[in-house]
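These notes are about the structure you will find just below.
FYI, it's all coordinate maths here, none of it is from the lab. Remember, predicted model here, so these are calculated numbers, not experimental data. For neighbour counting, all protein chains shown are included, and Cβ atoms are generated from backbone atoms with ideal geometry for every residue, glycine included.
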Amino acid sequence: MEDTLRQLPQKAKDTHNDNKKFFSKLKKKPPKHLDSLMQELHEAEFERTDCLTCANCCKTTGPLFTNKDIERIAKHFRMKPQQFIETYLRVDEDNDYVLQEVPCTFLGADNYCSIYDVRPKACSEFPHTDRRKFQQISNLTLKNIAICPAAFNILEAMKSRLKL
Ligand code: SF4
Ligand code: SF4
């Protein structure tokens with residue numbers, strides 16, 4: 001996995017132009033079965049990929065914390081939401097609550113998430129490859145494939161399944 005993660009940013013760069021073209025064609029005419037195809041490709045990839053050997057998303061980018069996330073996680077720690085914010089979060093340039101530091105404070109040395117059951121929604125949905133209307137998150141996906149080997153593989157599989 002270490003080699004894969006080291007090579008991933010370059011592989012994302014090398015495929016960037018092709019991927020942009022692919023998404024622009026996809027947006028013009030998304031196939032009817034796109035949602036079910038994404039579900040299938042996502043499930044197949046995550047049968048092969050063990051996130052516990054990776055955790056690159058938790059190590060290199062942090063999630064956004066919604067107000068609901070903050071309330072739920074603060075309650076888990078028996079803290080007031082404001083106290084949780086002051087201890088762990090900061091406001092970023094888009095005015096969103098994000099972690100004060102990465103790797104994520106809640107990531108263990110064994111790559112387990114110590115707040116897994118109450119983790120932010122953005123964490124549970126990452127890398128969003130089973131999302132409906134997948135063509136709408138092309139910019140996010142182009143970024144995510146440089147971080148997430150599973151997302152990279154899913155996009156490659158998608159390109160070979162959909163000859164656009
Ligand atoms: S979601 Fe992607 S980046 Fe995160 S741990 Fe799993 S494979 Fe790695
Ligand atoms: S909260 Fe958990 S899943 Fe989310 S980034 Fe931190 S360690 Fe990873």
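Assorted remarks:
- Members of region 35-56 that are assigned to a loop (DSSP other than H, G, I, E, B) and either more than 16 Å from ligand 1 (Cβ to nearest atom) or in contact (Cβ under 8 Å) with a residue 40 or more places away in the chain (or both): THR49, CYS54, ALA55
- Residues located in region 70-112, provided they are within 21 Å of GLU125 (Cβ to Cβ), loosely packed, with under 15 Cβ neighbours inside 10 Å and aromatic (Phe, Trp, Tyr): TYR112
- Which listed residue is in a loop (DSSP other than H, G, I, E, B) and without any contact (Cβ under 8 Å) to a residue 60 or more places away in the chain, from LYS68, LYS32, LYS21, LYS59: LYS32
- Residues in region 113-130 that are surrounded by 16 or more Cβ atoms within 10 Å (Cβ to Cβ) and within 14 Å of ligand 1 (Cβ to nearest atom): CYS113, ARG119, PRO120, ALA122, CYS123, PHE126, PRO127, HIS128, THR129, ASP130.
- Scanning region 131-164 for residues that are more than 13 Å from ligand 1 (Cβ to nearest atom) and out of contact with any Lys or Arg (no Cβ under 6 Å at 6 or more places or on another chain) yields a count of 18.
- Checked against (1) surrounded by fewer than 19 Cβ atoms within 10 Å (Cβ to Cβ); (2) under 12 Å from the mean Cα position of the chain (by Cα), ASN67 meets all criteria but (2).
- Residue match in region 24-42 (condition: under 17 Å from ALA122 (Cβ atoms) and out of contact with any Gly (no Cβ under 6 Å at 6 or more places or on another chain)): yes
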